[in-house]
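Accompanying notes for the structure given below.
Every read-out reported here was derived from the displayed coordinates using simple, explicitly stated rules and does not represent laboratory data. Fair warning: this is a prediction, and the values are worked out from it, not measured in the lab. FYI the Cβ positions are ideal-geometry reconstructions off the backbone, even for glycines, and counts take in every protein chain you see.
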Amino acid sequence: MSVLYKEENRLNDVQQYEIVVKMLQERGVMLEDMAQITLDLQIKYLPALSFDLCLEHVKRVVMKREVQNAVLTGLELDILAEKGLLSEPLSSMLLNDYGLYGIDEILALAIVNVYGSIGFTNFGFVDKTKPGIIGKLDEAGKKPGVCNTFLDDIVGAIAAAAASSIAHRFAT
Ligand code: MG
């Protein structure tokens, strides 16, 4: 029997924000890790940019419902893959981070989409260069039984979106 979606049971944005932040932490990612990537992306354009402002924009990005939904969906798939609860062929594709799968990047685009074309450019850059925590997640995901297939793209997309949010705010 399906459970009907009930509007009164829907979590508010702040409640869902707390869940998303906790979920990211449990997967080894702190908001500060993403803020550091955001700072590295934007410091060349805004030399006076502070880490705290980057963290504030990361939090602002994660407060958005579209972003929260993408995180919940992607991380759930990584976790289910690790638990062996997905069917084949999807299970092997996710556990091996199969290069032509591509849906991890597509889901991450739902995050940067909120911030326009600068978001896409920044996301492409971090996806290629894998700075900071993204490189660590990529390496950790190669170990047997660990699946970070969606997580690395989500983290890159949040950092890229925060960089775009800052770029829009300080556009001259
Ligand atoms: Mg990936």
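Odds and ends about this structure:
- With 30 Å as the limit, the listed pairs Lys44/Lys143; Lys83/Lys128; Lys44/Lys83 have Lys44/Lys143; Lys44/Lys83 beyond it between alpha carbons.
- Sequence ranges 154-162, 14-22, 32-40, ranked by mean other-Cβ count within 10 angstrom, highest first: 154-162, 32-40, 14-22
- Dipole moment magnitude, nearest 20 debye, the chain about Cα centre, only Lys, Arg, Asp, Glu C-beta charged: 280 debye
- Value of relative contact order over the chain, rounded to a whole percent, pairs C-alpha under 8 Å and six or more apart: 31 percent
- Difference of contour (0.36 nm per residue) and Cα-Cα distance, Ile103 to His168: 20.6 nm
- Surface/4 of the Cα convex hull for the chain, nm²: 11.0 nm²
- Exposure proxy order (Cβ contacts within 10 Å, fewest to most) of Cys54, Cys147: Cys147, Cys54
- Taken as entire DSSP H runs, the helices of the chain that both span 15 Å or more between Cα atoms along their own long axis and average -1.0 or more on the Kyte-Doolittle scale are 13-26, 31-42, 51-62, 65-82, 116-129, 151-169.
- Neighbour counts of other Cβ atoms within 10 Å put Met93, Met63 in the fewest-to-most order Met63, Met93.
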